[in-house]
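Right, one structure below, let's go through it.
The values are calculated or read from the model by the stated rules, or taken from the named source; none is laboratory data. All values derive from a computational prediction rather than experimental measurement. All Cβ positions, glycine included, derive from the backbone under ideal geometry; neighbour counts span all protein chains shown. Accessible surface is based on the protein model in full, side chains and every heavy atom, while ligands, DNA and RNA are left aside. Shrake-Rupley method; radii C 1.70, N 1.55, O 1.52, S 1.80 Å.
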Amino acid sequence: MIITKPSSRIRDWGYAPGRYPTGPLNSVLDVPGVRVGQVDVNDDENDIHTGVTVILPRGIKNTVYVPCYAAVHDMNGMGEWTGLHQIREWGFTRAPIAFTNTVSVGKVYDAIWRWISKYLEEDGHTGMEKFNFIGFPTVGETFDGLMNDIFSSSIEDHHVFEALMRAESQESVLEGNHGGGTAMRSHGFKAGTGTSSRILKDVDGITYTVGVIVQNNYGSMDDLQIDGVPVGKILKKSQQQETSAAPKAPETGKAAEGSCLVLIITDIPLLPHQLRRIAQRAGMGLSQVSGHGVGRNFSGEFFMALSTANSPESPSSWDGNSSLPPFLESDTVATMKTQLIDAVFTAAAEATEEALLNSMTEAQTMKGNGFETKALPRKKVEELLQMYGRGYMRHIETPDSK
């Protein structure tokens, strides 16, 4: 059962991470061409609360046809995100990306393969010709087994196909209890899906976007911090005081969860070695929220960064009939000057931090599978931000307010 409550994004709670401005949606959808589709699966009677999120870096029409340079980084590898070996080997991806729960990875992977095959056939490509355009789907997981009967493996083909269809028209990323994040938890509170973006400019005034989408399911309550305020420790102490004299409450599950998926998409021209460095900086965003509690043994923190700026791996003229190509061909690509990459590092870290917090502030209290996970208490968090004077936006004096 989902219990509704008023909720909003972290900026509405008073904290705006970092220095760079956001895009108009403050979402990965601010990156031109990116599409996201989500499906929630909720069945209270059977303790089913799960879902799937699909991300199409170049939209429905071009994601399969036009690869994106990409790179990945594992902070701690206790989990699964399929297709990463191809990205490490070739430096690009050309398939939908999906987030779901731990046991549904194979079913989502298979459904995406068959969707790609059907899509190519409908476009006139048949037989082995389809392999000119096929790349391995990248499907990541986090564990939602506390509030979802995970071993029922409730994600089916039609959920994946519906998410892909929704990606054509979905106007926003649904945060908190939606998509693959439906039943996820973080720092002892309800979490799930989150997103954010940052805007950067080049020397000629051209605007670029760094977008992030996360599936957040990691961290213990003791580690949670917002703008440096030890929110988790304070709330935990308050909870202990409140429950010491109260009747036994519903089981709230284990203190710590495992795994966080971070996908960074940008239209900045970057090559795989640069994108690998960008992916690593997602860890900086996680550490802003979780301090030293990032990357623990039973947690899987997987990060991917990709760029839509170039169109690598254009089709060659080789017919494939000889054992080795009889000639060489080249693609022309652009790349950002590495001396200036610190701005992108910072933007990626900021957007990751904000996406993680949005996944919690937009989440709603949920009961399922014999457990209850409460939403992060907005009033108490706002009071703490005010008390510590740490970035509470409504009370920061600006030159215009004097």
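If I model a spin label at T335 and E168 as a point 7 Å from the Cα along the Cα→Cβ vector, what separation in nanometres do I get?
3.8 nm
Using unit Cβ charges (K, R positive; D, E negative) and no other charged atoms, how large, in debye to the nearest 20, is the dipole of the chain about its Cα centre?
Using Cβ point charges on Lys, Arg, Asp and Glu, the chain gives about 1240 debye.
Pick from N321, N76, N358: which is most flexible by mean-square fluctuation in a GNM of the chain where alpha carbon atoms under 10 Å apart are linked?
Residue with maximal mean-square fluctuation among N321, N76, N358: N321.
In this model, which of K201/K233; K236/K367; K107/K367; K130/K337 are farther than 28 Å apart at the alpha-carbon?
K201/K233; K130/K337
Given the rule -39500 (n - 2.57) for each run of at least 4 DSSP H residues, summed and divided by the residues of the chain, what is its mean residue ellipticity at 222 nm, to the nearest 500 deg cm²/dmol?
Taking each H run of at least 4 residues, the total per residue is -7500 deg cm²/dmol.
Summing +1 for each Lys or Arg and -1 for each Asp or Glu, what net charge is found among the other residues whose Cβ lies under 11 Å from the Cβ of F302?
Taking every Cβ under 11 Å from that of F302, the sum is -4.
Could you point to the label whose value was computed as semi-axes √(5λ) of the Cα gyration tensor in Å for the structure here, given (1) 38, 25, 20; (2) 34, 28, 17; (3) 37, 26, 17?
Of the labelled values, this structure produces (3).
Taking only protein heavy atoms and a 1.4 Å probe, what accessible area per residue, in Å², does the range 270-321 have with all protein chains in place?
45 Å²
Give me P(r) over the range 140-202, computed from all C-alpha to C-alpha distances, binned every 10 Å, as integer percentages.
17, 43, 29, 9, 2
Can you find, among P230, F133, A334, the residue farthest towards the positive end of the dipole of the chain? Put +1 on the C-beta of Lys and Arg, -1 on that of Asp and Glu.
Going by the charge dipole, the pick is P230.
Nearest 10 degrees is fine. How inclined is helix 378-388 to the longest principal axis of the chain, computing both from alpha carbons?
80 degrees
Given a 1.4 Å probe and heavy atoms of the protein chains only, how would you sort R58, R276, largest accessible area at the top?
The most accessible residue leads, giving R276, R58.
Measure nothing but the geometry: give the 0 to 90° angle between the long axis through the Cα atoms of 342-361 and the longest principal axis through the Cα atoms of the chain, rounded to 10°.
Result, in degrees: 50.
Would you be so kind as to identify which of S117, G83, P272 lies farthest towards the positive end of the dipole of the chain, taking Lys and Arg as +1 and Asp and Glu as -1 on Cβ and the Cα centre as origin?
P272
Accessible surface of K233 in the full protein assembly, 1.4 angstrom probe, to the nearest 10 Å²?
The accessible area of K233 comes to roughly 120 Å².
Go ahead and set up a Gaussian network model of the chain, Cα springs under 10 Å, then flag whichever of F189, F302, F136 fluctuates most.
F136
Give me the percent of accessible area attributable to carbon and sulfur for the chain, probe 1.4 angstrom.
Within the chain, the accessible surface is 53 percent carbon and sulfur.
For the range 57-62, what does the Karplus curve 6.51 cos²θ - 1.76 cosθ + 1.60, with θ = phi - 60°, yield as ³J(HN,Hα) per residue in whole Hz, taken in order and with x for Gly and Pro?
My calculation for the range 57-62 gives x, 10, x, 4, 6, 10 Hz in order.
Restricting things to alpha carbons, tell me how big the range 1-157 is in terms of Rg and Dmax, in Å.
In order Rg, Dmax, the Cα atoms of the range 1-157 give 17.9, 55 Å.
By accessible area of protein heavy atoms, probe 1.4 Å, what ranking do H125, H73, H273 get, highest first?
Ranked list, largest accessible area first: H273, H73, H125.
Would you grab the residues whose amide H sits under 5 Å from the one on N76? Only those 5+ places off in sequence or on another chain, please, with H modelled 1.01 Å from N.
Amide H neighbours of N76: E301.
Once phi is turned into θ = phi - 60°, what whole-Hz ³J(HN,Hα) does the Karplus curve with 6.51, -1.76 and 1.60 give for every residue of the range 100-117, x standing for Gly and Pro?
Calculated HN-Hα couplings, in order: 7, 9, 4, 8, 9, 4, x, 5, 5, 4, 5, 5, 5, 3, 6, 5, 4, 4 Hz.
In sequence order, what are the phi-derived ³J(HN,Hα) couplings for the range 308-323 according to the Karplus relation 6.51 cos²θ - 1.76 cosθ + 1.60 with θ = phi - 60°, rounded to whole Hz, with x for glycine and proline?
Values, residue by residue: 9, 6, 9, 10, x, 6, 5, x, 8, 8, 6, 8, x, 7, 10, 5 Hz.
Just the accessible area per residue of the range 143-210, please: how many Å² with a 1.4 Å probe?
37 Å²
Please list E168, E382 in order of solvent-accessible area, largest first, computed with a 1.4 Å probe with all protein chains present.
Largest accessible area first, the residues go E168, E382.
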